[in-house]
């Protein structure tokens, strides 16, 4: 049984962490399969949106402290092919957490349970987030004298009010899904049995839009974060200009005028 499932529905790739007995903790195999799944979705021209979720009662409990962390620290020697790849490709665990890898396409998190430590960091790398009421969120690395190196010290102070981000980073406390939504970390909180339906509803709306425009808008929004206004506007100009020269940019207005659904081809 693969510890990460990958399937395609229309233009949507669904990535599912499948290690429920360990609360979907990231061991070397999960890290490698996740990293490969992101790359596969990025490189597939048919895929326009990615949804990531977990099986069981947790979204992801973070790095496996008994397998992955000792591997990274050198306390444990490689024992299989997954361990070998973690050792030979040092950036692969960061890629698994969406830290140093750009999927190019929007990623929606369908959060079926707790997202803690590395699980919370993976969520920080997504674009749109739907969670169940039972989910809790936090970066607890500091409790175990570990640095939350999956991007939390960079992303949380931008994605949350600064004081709240610092409280979470320095105490390791967890917050509820409702509080996470109130402070803007989540888009929606829905009953557990509706999470995937809501995530796919959003994914399908995005997938129906012009794929080149979607990628460019996402790229610009991320690239302009924290930049001075004039620099950000320059970046936006560079990213937006090529979009107007595409076939899709001609098809969209034409379809509107002809009162029909656009047939976007991604070119």
Exercise. Only residues of the range 103-137 count here: report those whose backbone N is under 13 Å from the spot 7 Å along Cα→Cβ of residue 2, or say none.
Key: none
Quiz item: Where both residues lie in the chain, what percent of DSSP beta bridges are antiparallel, nearest 5?
Solution: 30
Self-check item: Kirkwood-Stokes translational diffusion coefficient of the range 211-257, alpha-carbon pairs, 37 °C, 0.692 mPa s, µm²/s
Solution: 287
Exercise. Could you grab the relative contact order for the chain? Cα pairs under 8 Å, six or more apart, rounded to a whole percent.
Key: 15
Self-check item: Distance between modelled label sites at residue 258 and residue 221, nm, 7 Å Cα→Cβ extension
Solution: 3.0
Practice problem: Take the alpha-carbon positions of the range 69-154, form their convex hull, and give its projected area averaged over all directions (one quarter of the hull surface) in nm². | Solution: 6.7
Quiz item: What is the range 112-267's relative contact order, in percent, from Cα pairs under 8 angstrom and six or more apart in sequence?
Solution: 19
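If each DSSP helix of 4+ residues adds -39,500 (n - 2.57) and the sum is divided by the residues in the chain, what number results at 222 nm, nearest 500 deg cm²/dmol? Kindly include the intermediate steps, with their values, before the conclusion.
Numbers: 12 runs with 115 residues, N = 267.
Computed mean residue ellipticity for the chain: -12500 deg cm²/dmol.
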Quiz item: Which three extents, in whole angstrom, do the alpha-carbon atoms of the range 108-201 cover along their principal axes, largest first?
Solution: 38, 22, 19
Quiz item: If you find the alpha carbon centre of the range 235-252 and of the range 91-107, how far apart are they in angstrom?
Solution: 25
Quiz prompt | Degrees, to the nearest 10: 229-240 long Cα axis against longest axis of the chain | solution = 70
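Could you check what % of the DSSP bridge pairs in the range 9-163 are antiparallel, to the nearest 5?
So the antiparallel bridges amount to about 5 percent of the total.
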Quiz prompt | Helix 195-207 axis, angle to the chain major axis (alpha carbon atoms, nearest 10°) | solution = 40
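Go through 85-92, 212-219 and give me the packing order, highest mean Cβ count within 10 Å leading. Intermediate values should be presented prior to the final figure.
Working: 85-92: 14.6, 212-219: 18.2.
Ranked by mean Cβ neighbours within 10 Å, highest first: 212-219, 85-92.
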Exercise. Compute the FRET efficiency between residue 179 and residue 144 as 1/(1 + (r/R0)^6), taking r as their Cβ-Cβ distance and R0 = 25 Å, and round to the nearest 0.05.
Key: 0.60
Exercise. Name the residue, out of 225, 168, 34, whose mean-square fluctuation peaks in a Gaussian network model built on the chain with Cα pairs under 10 Å.
Key: 225
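Using Cα-Cα distances under 8 Å and only pairs 6 or more residues apart, what relative contact order does the range 1-40 have, in percent?
Values: 35 pairs, mean separation 14.7, N = 40.
So the answer I get is 37 percent.
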Quiz item: If you find the alpha carbon centre of the range 112-169 and of the range 1-54, how far apart are they in angstrom?
Solution: 20
Quiz prompt | Most fluctuating residue given options 172, 56, 226, as computed from a GNM of the chain linking Cα atoms under 10 Å | solution = 226
Exercise. Any chance you could give the angle, 0 to 90 degrees and rounded to 10, that helix 162-171 forms with the longest Cα principal axis of the chain?
Key: 30
Quiz item: Label residue 154 and residue 166 with points 7 Å out from Cα along Cα→Cβ: what is the distance between them in nm?
Solution: 2.1
Quiz item: If we sort 156-162, 240-246 on the protection proxy, mean other Cβ atoms within 10 Å, highest first, what's the order?
Solution: 156-162, 240-246
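If I take all pairs of Cα atoms in the range 145-267, what percentage of them are more than 20 Å from each other? Before the final figure, lay out each step's value.
Details: 4795 of 7503 pairs.
Of the Cα pairs, 64 percent sit more than 20 Å apart.
Computed over the Cα atoms, what is the radius of gyration of the chain divided by 2.2 N^0.38 Å, N being its residue count? Intermediate values should be presented prior to the final figure.
Numbers: Rg = 19.2 Å, N = 267, 2.2 N^0.38 = 18.4 Å.
Scaled against compact globular proteins, the figure is 1.04.
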Quiz item: Under a GNM of the chain (C-alpha, springs under 10 Å), which listed residue has the highest mean-square fluctuation: 19, 76, 95?
Solution: 76
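Values quoted throughout were computed directly from the atomic coordinates according to the rules given, and no laboratory measurement underlies them. The shown structure was predicted, so the numbers you read here are calculated from the model rather than taken from an experiment. Methodologically, a virtual Cβ is constructed for each residue, glycine included, from the backbone with ideal geometry; neighbour enumeration extends over all protein chains shown.
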